[in-house]
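Asker: Quick one: the structure is below, and I'll ask about it shortly.
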Amino acid sequence: MAGLGGFLNNLVGGGEDKPDETYPVQKSDAEWKAQLDPAAFHVLREHGTERAGTSPLNREKRSGTFHCAGCGQALFPADTKFESGTGWPSFFKPLEGAVGESRDTKFFMTRTEIHCSKCGGHLGHVFEDGPAPTGLRYCMNGVAMTFEPEKA
């Protein structure tokens with residue numbers, strides 16, 4: 001029966017190869033729950049996904065920077081955002097050193113998970129169907145990020 005439990009966990013709730021990293025920002029689940037709203041906690045700390053088309057960041061067009069909603073680290077400059085048609089904020093390139101990657105094998109597929117390099121929070125996934133110059137699409141959960149407009 002342990003095999004079936006492992007299979008079901010990989011299908012719906014597990015399947016991430018977590019790097020053995022200690023992130024600069026470390027908090028207990030209780031501390032994260034006190035800081036984050038339930039949707040952000042679910043995505044950032046439990047590797048959830050927000051419903052497509054629900055994030056106000058999909059419509060964000062101003063100059064500025066997208067930050068991790070968990071720790072505030074700058075992640076993506078606004079000029080790397082593009083309309084992917086997926087329903088999630090999409091970018092073609094993160095800021096240098098802002099994100100890390102791990103393997104995600106949930107739902108009968110292998111994907112590359114993207115997480116904040118400062119707190120380890122789950123942000124989304126990266127795919128190889130993006131625009132030039134990188135050819136990458138960083139498909140991020142809007143609830144996992146905040147936006148800071150460029151100061152005039």
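The values are calculated or read from the model by the stated rules, or taken from the named source; none is laboratory data. Here the structure is a predicted model, which means the values were calculated and not measured. All Cβ positions, even for glycine, are placed from backbone atoms using ideal geometry, and neighbour counts span all protein chains on display.
Asker: Out of the strands (runs of 3 or more DSSP E) lying entirely within region 94-152, which hold 1 or more residues that are among the polar types (S, T, N, Q) and in contact (Cβ under 8 Å) with a residue 60 or more places away in the chain?
Answerer: Counting at least 1 such residues, we get 99-104, 145-149.
Asker: Follow-up question, since we're still on this one. Quick one: would you say MET145 is surrounded by 13 or more Cβ atoms within 10 Å (Cβ to Cβ), touching a Pro at 6+ places or on another chain (Cβ under 6 Å) and closer than 19 Å to GLU83 by Cβ?
Answerer: No, not satisfied.
Asker: Which condition breaks for GLU113 when tested against (1) at pLDDT below 95; (2) surrounded by 21 or more Cβ atoms within 10 Å (Cβ to Cβ); (3) under 19 Å from GLU150 (Cβ atoms)?
Answerer: Going through the list (1) at pLDDT below 95; (2) surrounded by 21 or more Cβ atoms within 10 Å (Cβ to Cβ); (3) under 19 Å from GLU150 (Cβ atoms), GLU113 breaks only (3).
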